[in-house]
Amino acid sequence: MPTTPSPINGGDTAWVLISTALVMLMTPGLALFYGGMVRRKNVLGILMQCMICLALISVLWVVYGYSLAFGKGNAFIGGFDWAMLKGVGQDAYPDYAPGIPHQAFMIFQAMFAVITPALIIGSFAERMKFSSFVVFTTLWLTFVYCPIAHMVWGLGGFLRTLGALDFAGGTVVHINAGIAGLITALYLGKRLGTDKPGMHNVPFIVIGAALLWFGWFGFNAGSALAANGLAANAFVVTNTAAAAAALSWALMEWIFAGKPTMVGTVSGAVAGLVAITPAAGFVDIGGALIIGLLVSVICYMMVAFVKAKLGYDDTLDAFGVHGIGGAFGALATGLLAQKAVNSAGADGLFYGNPTQFIIQIKAVLFTVVYSAIVTWVICFVVDKVMGLRAASEDEVMGLDLSQHHERAYTILD
Amino acid sequence: MPTTPSPINGGDTAWVLISTALVMLMTPGLALFYGGMVRRKNVLGILMQCMICLALISVLWVVYGYSLAFGKGNAFIGGFDWAMLKGVGQDAYPDYAPGIPHQAFMIFQAMFAVITPALIIGSFAERMKFSSFVVFTTLWLTFVYCPIAHMVWGLGGFLRTLGALDFAGGTVVHINAGIAGLITALYLGKRLGTDKPGMHNVPFIVIGAALLWFGWFGFNAGSALAANGLAANAFVVTNTAAAAAALSWALMEWIFAGKPTMVGTVSGAVAGLVAITPAAGFVDIGGALIIGLLVSVICYMMVAFVKAKLGYDDTLDAFGVHGIGGAFGALATGLLAQKAVNSAGADGLFYGNPTQFIIQIKAVLFTVVYSAIVTWVICFVVDKVMGLRAASEDEVMGLDLSQHHERAYTILD
Amino acid sequence: MPTTPSPINGGDTAWVLISTALVMLMTPGLALFYGGMVRRKNVLGILMQCMICLALISVLWVVYGYSLAFGKGNAFIGGFDWAMLKGVGQDAYPDYAPGIPHQAFMIFQAMFAVITPALIIGSFAERMKFSSFVVFTTLWLTFVYCPIAHMVWGLGGFLRTLGALDFAGGTVVHINAGIAGLITALYLGKRLGTDKPGMHNVPFIVIGAALLWFGWFGFNAGSALAANGLAANAFVVTNTAAAAAALSWALMEWIFAGKPTMVGTVSGAVAGLVAITPAAGFVDIGGALIIGLLVSVICYMMVAFVKAKLGYDDTLDAFGVHGIGGAFGALATGLLAQKAVNSAGADGLFYGNPTQFIIQIKAVLFTVVYSAIVTWVICFVVDKVMGLRAASEDEVMGLDLSQHHERAYTILD
Amino acid sequence: MKLIIAIIQPHRLDDVKRELYAADVNLITVSEVLGHGRQVGVDEFYRGVKETGNLLRKIQVEIAVNEDYVEPSIKAIIKGARTGKIGDGKIWVLDLPRVIRIRTGEEGSKAIG
Amino acid sequence: MKLIIAIIQPHRLDDVKRELYAADVNLITVSEVLGHGRQVGVDEFYRGVKETGNLLRKIQVEIAVNEDYVEPSIKAIIKGARTGKIGDGKIWVLDLPRVIRIRTGEEGSKAIG
Amino acid sequence: MKLIIAIIQPHRLDDVKRELYAADVNLITVSEVLGHGRQVGVDEFYRGVKETGNLLRKIQVEIAVNEDYVEPSIKAIIKGARTGKIGDGKIWVLDLPRVIRIRTGEEGSKAIG
Ligand SMILES: Nc1ncnc2c1ncn2[C@@H]1O[C@H](COP(=O)(O)OP(=O)(O)O)[C@@H](O)[C@H]1O
Ligand SMILES: Nc1ncnc2c1ncn2[C@@H]1O[C@H](COP(=O)(O)OP(=O)(O)O)[C@@H](O)[C@H]1O
Ligand SMILES: Nc1ncnc2c1ncn2[C@@H]1O[C@H](COP(=O)(O)OP(=O)(O)O)[C@@H](O)[C@H]1O
């Protein structure tokens, strides 16, 4: 039990619990978003990987993950004091979240830990061996996610102490997952016989994106950890940035490809949601519009031109959208943050505080480097021990039949 | 910042924020509901129009829409004081909603502004040019939605002053969108080569209807703007009316077409949700049952018999369900409202106050006339400037390929 | 109006209302979960039955169901005092739920009454006549659900008085529905021409399972009827058990069938959610892990081996998952409950109180026997009066076309 | 007897059916196919990547007829399917030496209709 | 060699397959088609609008066989597919002058099986 | 004229198309079919119940060609489709006495291309 009992606030608790449910729904949402983008023969491969993230990490998190990320430790990682949720009870733990049960904070954080490795799936889609995926994800949670979460959000964490602003996970979640995605895509190499997304079911992509948008209100506004003005601000800027980015991606397509597409529009929305994530509790509506309008321009360029040039197979653009969008958002936070929005935050460069921008750059660089190196090591180890990529006949047959012995749709019945 | 700071209530704020998220989800829900009803080649056309409503209006609303609808102005329209959310902050604005951040009220209202033009899509489905749709929607929001919202809900609004009861948008949302739908359907004329709904994916229709029902709890019960007994009442009557209307539509089909259908049952549910919308904070369970059971009878007649007679192509029955159902609900509110349910409301005709019924008639008529005329003008202007209807070869090819250069489903992969 | 006015708490009310919305969404979620599992020609049959449960029971519940289940009565059934919600108002009814409007408690309970008969559908899928289904469901609600709910949860209910622990419906919902499923499957006999599930759309199954998981947070954590530490505990153990059970079902498949499947993984998650339901407010994380890990082992054995041996056609395993999983959970509650988690609960056998385990066994046995007998009588009566099973040419044609005169998907358009 | 196979534009199916029924050809079998021909498809774009749409949706209609129905059937198909634009499709006529009606076991001309 | 094309009721496919395998005909190609014939479909209703169901789901089975397998195949199909009700479908038998196995390049009778 | 029907592995379609275009055979019709042959499918499992996967996804390609294009087409198909593993599929060649272009009403060799 926490040492300082503090009263539980019903409104705040209701808000954090429902936010947790919303964030939980994002992982199946992501499954659909990604699942609709692959070829018919690989859709269950995607859904399975996402749902296994939800199941596996939910368990690992209560067993040791939460303790490793948020428990007492050093500047880089927590400890095992809270393993099996020992001492994580129904009372509040005010150092993280006064007013709500410690367990509510813990489970809210669990959903962030679930979705982060799930994001990476987009980069190595259609070609990873399932058993290796399970091992990869376990190692990645332990050696990449938990440390980064601790450094950015944990008591005593080194980037937290440095003063890096990351309201809801721009570095911890998006840059982290995006870079890991790039590394896995490079490590595995291209898919066999295709270099295009399959896009077998665009309505699924749209349902998925809608659930992501919906869930992101919990992700960002829930990160206020209270039902107050700051939550409302986060909610509003989240919606605004998503909307602005959807429009500007559609516009980019209208200019460069002749017509705005459905896939592009929702990709833009997701890019906007990614970019506003670190900023949601620190910027106002003007900042949200700027972030939203610009992030799609950058991500579109990345996905449509740079990727094609460089030739890596970031299948569903986890790097192009989450990595790039997350980095942009984290830096933009250093420009556009305002104490007027959140007195517990800081002013950014545009509000007279250049130091904050430097800090943000440092945090981004550190995350990029750490995530890249450790992810590469994990890929290497798993590959040597059990092989990371599916056998080529399995890849040709499709992951659904080869990895899971089932098919997504019957043809005749 | 509002002039009268008033304390923020966590429970109410949690309720309004989550209600906002629920209402946001209704637009993708509507996209599926409509998208499943069209032919395979037009499904992305529908999804895109709905998602663009979400993106475009979310931005327009914070830029000027909210100010125009709810800002200080005259009896017919607000002003530009709150443009770019100047002065719309984290504190409460008690004249609209004490106890919750002004921004929470603003973003809750944003979602209503988003879904209203999206409802119209059902009437002109499968044949509007996309670029013209974007212009049409922008103009319609500005010149139809914002004024009507101001008149009915805005401080000093003329129908509000008149005493018209519209708890959650019977006039502002449903009659308004339904009439606009009828006008666009008449203006554009029939689709080429078909006069039936395509119904390419009924499960999508059901998922969409389920999300609408789910989101409508936020729409109606959220309109209490607090987590209190009135919200519970609105929640209960909303569910009851939806259920009763689903049953009575199914029954109509059983009688007139031999079997109850899935599409009919969920159409009935939506009709019930529409009709209870203006009444949700004013009627009790008896009123909800009456409204629910009757609205489907009326809408079914409209859709199955009257439409066929009159011969306009209200493709997915936005007018038949939302226009007619909304008008019925607004009038029924004038009959069935009770001060015993909501002391801030009024008694209806059946509770001894015939004046209220007259007021409701006036509000309905005014909305019908205003919406019809201005919508027609907008159609005319857009048509002359850029053409409102898709080229006929584009219509034949389908809106997905012709307007968005993509297809919803792959056939082979 | 209740006799003891007690103040309404905004946070608790927000939590119960949103939980109600979540539980409402479970029925469409179940529709997809089941709908994806049948053959293409029967999917609307499933969706329709589920949506009719939502519509029909929502109405029956406010008319007389709530009163029969929760109204004043004897040890076995309530009365008609609260019919038409007379006296069920906006104030709290502290004997059931202090701090929230009585109507909020009523509508929360409504959603449980809705989903319980919907669960049964899985057992008799693809072969019941629709009109008979409607009559069956009405009778079952009245003569099975309402009495059992009263006995377990109603004031003066005999199993409640006995001290049986059922936090969110292990006996009332899952055992009850599971046993009823088994009886209907036995009564109707096997489907014609197939004995396998159709699995026509696995992504639908996954979307459905995701919505169930999401909604179950409302089901279990909402059953705390307040936004407090107990709700957080219920939330955490619910998520943990679902996750653990998903993993262990996947593992069983890996061992016994060579590969983990998507359908298996989400079936496991549902089994875990079922089993934790009675326990959610009484066990801690250790208990949740044990319950989750074991329930899938038992249900998998049941579904993969025992069912095949015994040869009844429990089409979608409503008995195998809900009946067996629910019974396991109710018994496990008698082993693993702790007063340390919930002082209003009791200790289980493992915490020194063997009596509780005996009580749980009694409650399970009573529910099994009562549900089995009355369900069989209802089957018999409906069958004699109007025939329970669809005509065999209707079954061959599929329920969509034969019972509803519509098809789920177009082939050409 | 002949087996007539026609590849047509999807949106002409209703017209083709109408013309065939008018010509008293009432028994047909229809399926969805993809065609690559002279007709140029619309380019599709997915996340900025162009995909040249080279397989277009078409409908295949199969009709087994007696000799004296061959010309009327072909005329009816052309009447229903022709738009005059590239992509209207083809008609193939194959010899069909033998036809059996499953229900009755009848063979030949009387089995065909 | 002959190419046998059968249009059957969807729910008879399993029986047809079983009968064919029993007759030692193991190689078949199956697809989903829509048929319009004598069989009257169920009227469908969408929002009160009746749609006369005139294209019914059918299964098309294609089998390439040597001459001596023709009769057994036809018998097997009939045995599996016949319900005796209108809609059971047709069997068409076409001449098949040439068959090639892609894997080996073999031609003729030995390529067929 | 001949009607060439090839049943191939789905993942070879792009190669087959490429080879055909290279051989100047540009007009093709493609559809999705299910095949049962020598190739053994993967067993599928649904809730622990094994289903022997005996209908595998295949692609059917139909090409109507003049006589002098027959050999090049067959060669191209084999080149594109052959993996050397069981399941590569078959090519059937049928006589095609008559071809009509719907757009122009042209018949025979000049209608084919
Ligand atoms: N020789 C052929 N072999 C196979 N299919 C063909 C052939 N010629 C045409 N088709 C089919 O007919 C369709 C229309 O042909 P196309 O060349 O586009 O137009 P047109 O028939 O008007 O010249 C093609 O998409 C293809 O499916
Ligand atoms: N002459 C034909 N040409 C094309 N398809 C046919 C022909 N005759 C029958 N069919 C196909 O066979 C199916 C069954 O035929 P139908 O006339 O309904 O029953 P039956 O074969 O028992 O007389 C039709 O739906 C159609 O697909
Ligand atoms: N005689 C046949 N009749 C119909 N379809 C056939 C025949 N032979 C092969 N096929 C089709 O070709 C596919 C591949 O055949 P298979 O026997 O598996 O491999 P291979 O052609 O390499 O011997 C089958 O799945 C089936 O669709």
**Report entry** Dipole magnitude (debye, nearest 20) for the range C:368-410, charges at Cβ of Lys, Arg, Asp, Glu
**Finding:** 200 debye
Requested in this report: Evaluate E = 1/(1 + (r/R0)^6) for D:K85 and A:S6, where r is the Cβ-Cβ distance and R0 equals 60 Å; express this FRET efficiency to the nearest 0.05.
Outcome: 0.20
Query raised in the report: Mind checking the angle between helix A:324-336 and chain A's longest principal axis? C-alpha axes, 0 to 90 degrees, to the nearest 10.
Result: 30 degrees
Query raised in the report: Counting only pairs 8 or more places apart or on different chains, how many lysine pairs in chain C have C-alpha atoms closer than 21 Å?
Result: 15
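By count of other Cβ within 10 Å, fewest leading, how are B:D166, A:D413 ordered? Display every interim value, and only then the final one.
Working: B:D166 29, A:D413 19.
In order of increasing Cβ crowding within 10 Å: A:D413, B:D166.
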Requested in this report: Would you tally the net charge around A:P98, using a Cβ to Cβ cut-off of less than 11 Å, leaving A:P98 out, and scoring K and R as +1, D and E as -1?
Outcome: -3
Report summary line: For the C:L412, F:D43 Cβ pair and Förster radius 35 Å, calculated FRET efficiency rounded to 0.05 is 0.60
Requested in this report: For the protein assembly as shown, give the magnitude of the charge dipole about the Cα centre (Cβ charges: +1 Lys/Arg, -1 Asp/Glu; no others), in debye to the nearest 20.
Outcome: 1580 debye
Requested in this report: Run through the other copies and list how far each one's label point is from that of A:G79, in nm with one decimal, shortest first; the point sits 7 Å from Cα along Cα-Cβ.
Outcome: 6.2, 6.2
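Once every DSSP H run of n ≥ 4 in the protein assembly as shown is given -39500 (n - 2.57) and the sum is divided by its residues, what mean residue ellipticity at 222 nm do you get, rounded to the nearest 500 deg cm²/dmol?
Values: 60 runs with 835 residues, N = 1578.
Computed mean residue ellipticity for the protein assembly as shown: -17000 deg cm²/dmol.
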**Report entry** Ordering of A:261-269, A:17-25 by packing [mean C-beta count within 10 Å, highest first]
**Finding:** A:261-269, A:17-25
Report summary line: Given Cβ charges of +1 for Lys and Arg and -1 for Asp and Glu, the option among F:G113, F:G84, F:V70 whose Cα lies farthest towards the positive end of the dipole of chain F is F:G84
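In what order do C:L60, B:L230, C:L186 fall by count of nearby beta-carbon atoms within 10 Å, going from fewest to most? If you can, show how the numbers build up before the last one.
Working: C:L60 21, B:L230 25, C:L186 18.
In increasing order of surrounding Cβ atoms, one gets C:L186, C:L60, B:L230.
Give, as a single signed number, the net charge of other residues whose beta carbon lies under 15 Å from the beta carbon of C:A31, with Lys and Arg counted +1 and Asp and Glu -1. Spell out each step's value before the answer.
Working: positive: none; negative: C:E126, C:D400.
Charge balance in the 15 Å sphere: -2.
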Query - Pairwise label distance in nanometres, C:K384 with A:A391, each label 7 Å out on the Cα-Cβ vector - result: 6.1 nm
Report summary line: Answer in debye to the nearest 20: the dipole magnitude of the range D:1-81 about its Cα centre, from +1 Lys/Arg and -1 Asp/Glu charges placed on Cβ, is 300 debye
Query - Separation between Cα centres of the range C:357-413 and the range B:28-50, rounded to whole Å - result: 33 Å
**Report entry** Calculated label separations, F:E106, copies of the chain, 7 Å along the beta-carbon direction, nm
**Finding:** 4.0, 4.1
Report task. Please work out how much length the chain gains when fully extended from C:M84 to C:F256, using 0.36 nm per residue of separation minus the C-alpha to C-alpha distance, in nm with one decimal. Result -> 56.6 nm
Query raised in the report: Between B:D195 and the same site in the other copies, what are the distances in nm, shortest first, taking label points 7 Å from Cα along the C-beta direction?
Result: 5.2, 5.2
Report task. Would you please give the FRET efficiency between C:T194 and C:V369, computed as 1/(1 + (r/R0)^6) with r the Cβ-Cβ distance and R0 = 51 Å, to the nearest 0.05? Result -> 0.95
**Report entry** Local electrostatic count at E:T104 - Lys and Arg +1, Asp and Glu -1, tallied over other residues with Cβ under 10 Å
**Finding:** +1
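Just so you know, all these numbers are worked out from the coordinates, no wet-lab data involved. Remember, it's a predicted structure, so these values are computed and weren't measured experimentally. Counting neighbours? That spans all protein chains shown, and the Cβs are built from the backbone with ideal geometry, glycine included.
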